[in-house]
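Enquirer: Let me begin by handing over the structure; questions about it come next.
Taken together, the values in this text are just the output of simple stated rules run on the coordinates, not laboratory data. Note that the structure is a prediction, hence the values are computed from the model and not measured. Ideal geometry is used to build each Cβ from the backbone, glycine not excepted, and the neighbour counts take in all protein chains shown.
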Amino acid sequence: MRFYLKLFLFGAIILTLLTAGCSKDSEQSIEQILNTSVEQVQGGELAKAEENAKKALNLIEQRYSMVHPALIKPLNILAMIYQKQNKLSEAEQSYERAISILKNTDGENDAAVSQLMNNLATLYYAQEEYEQAVNTYQQSLSFAESCFSDEDPIIQKIKRNIKVCQSVISGEPLPEDFYTADNSVGGDLKNVGSQERGQEPADADSPQVLQKEAEDLLPDEVKQTVINKLAKKNIYVYDLRPMEPISIGSQGAVIPYRCTQKMTEKDEGGIKAILLFATVQNKDKPGFFIFKKCRMVSYDSFMEELNNRALLIKSLKEVFPKVYS
């Protein structure tokens, strides 16, 4: 059974309903700072992105208050940055503060609260806090049901998220027909705060930042071959979960998988690790890749270098010197 963690973190987060009362120049300045922060996230400059998001947050707090609705956008951007930096506690706090502000804001914000809670639940899922994830998804569903019909894709998505988490908790497989639909776990954060009750959800092609959809790109036989070879060395790997591929220029891409490593099959617990699958472009079939080598690396070290894309690519080239020149 495979579970996917899909995080649609940040689409077009333009909180148009929250800009009332701002002067045109000042609001444009804050918006420019936030746009710069988003661009820096896209470029892998997370430290600078965090600095600008915090700057915008402080400006809004000084100009208005500590609970003004305009804080929601920078809080969301910060949550995404923290999650990318693996600062999960800070990400959770940013989500919770944004949700609290929305709940106490006059107006119909149930759809936005639902989206935020869906993403918070996805954060819990990523931390394997499945009970808390289910509870938060159910709260997200409650808010969404006041805005959308039962057939709405948003409702169906949250219900699927709940079923996946419950399956993990119980250890019971999902029904076969479940796999005919999108069974990825995750949430949308598109136009948070700007949807009116009854409006259609944001367009699915909205730009996405930070963690992209974590698709299981490698064939099962490739992964199983690696797992079998490691087992022969008394290294047992379980629960592979795909992460965002890392492009190595025009040469190819490294596909990382989070996993649990054990030294014996009977070990309880285990330690987190990262399996790196190096691939190169298939010259005969543009757009296709050929698997070359696999290496296991430290989870903590990989997550630290994930904050600096240039440093990460340099390190990956050192891990696979015969694959990437």
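Enquirer: Read phi for every residue in the stretch 273-282 and hand back ³J(HN,Hα) as whole Hz from Karplus 6.51 cos²θ - 1.76 cosθ + 1.60, θ = phi - 60°, with x for Gly and Pro.
Expert: 8, 10, 9, 10, 9, 8, 10, 10, 5, 7
Enquirer: Another question, then. Check the straight Cα-Cα distances from residue 157 and name the lysines below 25 Å, setting aside those fewer than 8 residues away within the same chain.
Expert: Filter leaves 6, 73, 84, 103, 190, 212.
Enquirer: Kindly rank 164-172, 114-122 from highest to lowest mean number of other beta carbons found within 10 Å of each residue.
Expert: The most tightly packed comes first, giving 114-122, 164-172.
Enquirer: Take the Cβ-Cβ distance between residue 290 and residue 152 as r, set R0 to 41 Å, and report the resulting FRET efficiency rounded to the nearest 0.05.
Expert: 0.50
Enquirer: List the pairs from 272/293; 163/292; 48/317 whose alpha-carbon separation is above 30 Å, in the order I gave them.
Expert: Table pairs above 30 Å Cα-Cα are 163/292.
Enquirer: While we're here: Could you let me know the centre-to-centre spacing of the stretch 231-296 and the stretch 45-66, using Cα atoms, in angstrom?
Expert: Distance between centres, Cα-based: 37 Å.
Enquirer: Relative contact order for the stretch 220-319: what percent, with Cα pairs under 8 Å and sequence separation of 6 or more?
Expert: After rounding, I find 19 percent.
Enquirer: Further question on the same structure: According to the square roots a ≥ b ≥ c of the eigenvalues of the Cα gyration tensor, what is the shape class of the stretch 220-319, taking rounded for a/c under 1.5, prolate for a/b larger than b/c otherwise, and oblate for the remainder?
Expert: Oblate shape, in that a/c is at least 1.5 and b/c is the bigger or equal ratio.
Enquirer: Which entries of 229/283; 229/322; 87/262; 159/285 show an alpha-carbon separation above 31 angstrom in the structure shown?
Expert: From the list (229/283; 229/322; 87/262; 159/285), the Cα-Cα distance tops 31 Å for 159/285.
Enquirer: Once the piece of chain linking residue 68 and residue 303 is laid out straight, how much longer is it, given 0.36 nm per residue of separation minus the C-alpha distance between them?
Expert: 81.3 nm
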